[in-house]
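Chemist: Please read through the structure below; I'll follow up with questions.
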Amino acid sequence: MRRRDFIGLIGGAAATWSLAARAQQPTMPVIGFLNYASSETFGDRLGAFRLGLKDTGFVEGENVAIAYRWGDNQMDRLPALADELVRRPVAVIVATGRPTALAVKAANTTIPIVIGVAEDPVRLGLVASLARPGGNITGVNFLTGELEGKRLELLRQLVPAARRIAVLVSPASATTTESTLRDVQGAAHAMGLQVQVLKADSGREIDAAFATFARERPDALLVGSGPFFTTRRVQLVVAAARHGVATSYSNRQYAEAGGLMSYGSDLLESYRQIGVYAGRILKGAKPADLPVAQPTKFELVINAQTARTLGIEVPTTLLAVADQVIE
């Protein structure tokens, strides 16, 4: 056999062995991750999600791939992005935020879905019950919507002289707005407070809502929960400071951005749990058998620097129970 033919034979055999070896390697599962916001504002929560995956034995890039899709705060893009992930296809889809979860549910009835929402997923029509979700969806309820009454109570402790409270809600999130107003108005009635309802679904409408403070000066403001307000948190915090109004928010991101006070669940722990559920499903668990998780830890964060700027003396009783005081 000539040397050239021998080398060609060896090269062909090596190529065949390489193809065979690759064919025997298990295919890396892919998780579809869809969110209404942008990756630039989601770093800490993504880290918590990846930690949850790692807790179940999955590391991105090693034995699992993640296909990220971001709405960049444009809710009308979510249905198309959900369809794109379904067509890919992926092993499981993670959908966080009410509009995102609803978009993925509408796009798919077979691929497992792990959701993270701020309000009761049963009331949203996402699952049959918390204990037995049924179907292909499970996940985490952040309980943000269920804490409005408690947030109002804490705001009243911070501003004990308050008599009229403004509540800012997003009409586009109809279910969230309905539950927010119901809970706040019920709690306000019990405390003898008046409620002024303000509405905003755009940056311009947020500015218009705050402009009413010059005419109808409320004693304090409670900003409702929801993805729109979260993406506009810097605008909200700046406007509240400019108008000198004591304001309560739904999670620590606002307080870290300069907001006066926030009260809500530990979002990082919730996103870790979402990662755990995604990992368990990759290992064969069925969404219908995984009860919707609910947080047991809630965080009160007070921005003491903002309080001083507003001339508010934070009661020692609140400082004593706060999980973090930002100086």
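The values are calculated or read from the model by the stated rules, or taken from the named source; none is laboratory data. Quantities reported herein were computed from a predicted structural model and do not represent experimental measurements. Here the Cβ is made from the backbone with ideal geometry for all residues, glycine too, and neighbour counts use every protein chain on show.
Chemist: Restricting to the stretch 26-41, count the residues that are surrounded by fewer than 18 Cβ atoms within 10 Å (Cβ to Cβ) and under 20 Å from Leu102 (Cβ atoms).
Modeler: The number of residues fulfilling the criteria is 1.
Chemist: Can you work out which of the residues in the stretch 99-154 that are in contact with a Gly (Cβ under 6 Å, 6 or more places away or on another chain) and in a loop (DSSP other than H, G, I, E, B) is nearest to Pro287 (Cα to Cα)?
Modeler: Checked the stretch 99-154; the qualifying residue nearest to Pro287 (Cα to Cα) is Ala128.
Chemist: Could you check the stretch 202-257 and list, in sequence order, the residues that are among the charged types (D, E, K, R), in contact with a Gly (Cβ under 8 Å, 6 or more places away or on another chain) and either assigned by TED's automatic domain parsing to the domain that holds Arg45 or in contact (Cβ under 8 Å) with a residue 60 or more places away in the chain (or both)? Steps first, answer last, please.
Modeler: Initial filter on the stretch 202-257 (among the charged types (D, E, K, R)): 204-205, 207, 215-217, 219, 232-233, 242, 252, 256.
Restricting the remaining residues to those that are in contact with a Gly (Cβ under 8 Å, 6 or more places away or on another chain) gives 232-233, 252.
Correct list: Arg252 only.
Chemist: Turning to a different aspect of this structure: In the stretch 253-266, which residues are assigned to a helix (DSSP H, G or I) and surrounded by fewer than 24 Cβ atoms within 10 Å (Cβ to Cβ)?
Modeler: Gln253, Glu256 - these are the residues of the stretch 253-266 that are assigned to a helix (DSSP H, G or I) and surrounded by fewer than 24 Cβ atoms within 10 Å (Cβ to Cβ).
Chemist: Could you check Ala172 against (1) out of contact with any strand residue (DSSP E or B) (no Cβ under 7 Å at 6 or more places or on another chain); (2) surrounded by 16 or more Cβ atoms within 10 Å (Cβ to Cβ); (3) of a type in the set (Gly, Ala, Ser); (4) not in a loop (DSSP other than H, G, I, E, B) and say which number it fails?
Modeler: Of everything listed in (1) out of contact with any strand residue (DSSP E or B) (no Cβ under 7 Å at 6 or more places or on another chain); (2) surrounded by 16 or more Cβ atoms within 10 Å (Cβ to Cβ); (3) of a type in the set (Gly, Ala, Ser); (4) not in a loop (DSSP other than H, G, I, E, B), Ala172 misses just condition (4).
Chemist: Does the stretch 288-327 hold any residues that are in contact (Cβ under 8 Å) with a residue 24 or more places away in the chain, in contact with a Leu (Cβ under 8 Å, 6 or more places away or on another chain) and assigned to a loop (DSSP other than H, G, I, E, B), and which are they?
Modeler: Pro291, Val292, Gln294, Pro295, Ile312, Val314, Pro315, Asp323
Chemist: Sticking with this structure for a sec: Please go through the stretch 239-248 and give me each residue that is touching a helix residue (DSSP H, G or I) at 6+ places or on another chain (Cβ under 7 Å), of a type outside the set (S, T, N, Q) and surrounded by 19 or more Cβ atoms within 10 Å (Cβ to Cβ), ordered by number.
Modeler: Correct list: Ala239, Val245, Ala246.
Chemist: Scan Ala278, Ala285 and give me the residue that is at pLDDT 95 or above, touching a helix residue (DSSP H, G or I) at 6+ places or on another chain (Cβ under 9 Å), assigned to a loop (DSSP other than H, G, I, E, B) and over 28 Å from Ile206 (Cβ atoms).
Modeler: Working: Ala278 fails: assigned to a loop (DSSP other than H, G, I, E, B).
Criteria check complete, one pass: Ala285.
Chemist: Are any residues in the stretch 196-238 touching a strand residue (DSSP E or B) at 6+ places or on another chain (Cβ under 9 Å), surrounded by 18 or more Cβ atoms within 10 Å (Cβ to Cβ) and basic (Lys, Arg), and if so, which ones?
Modeler: Arg233
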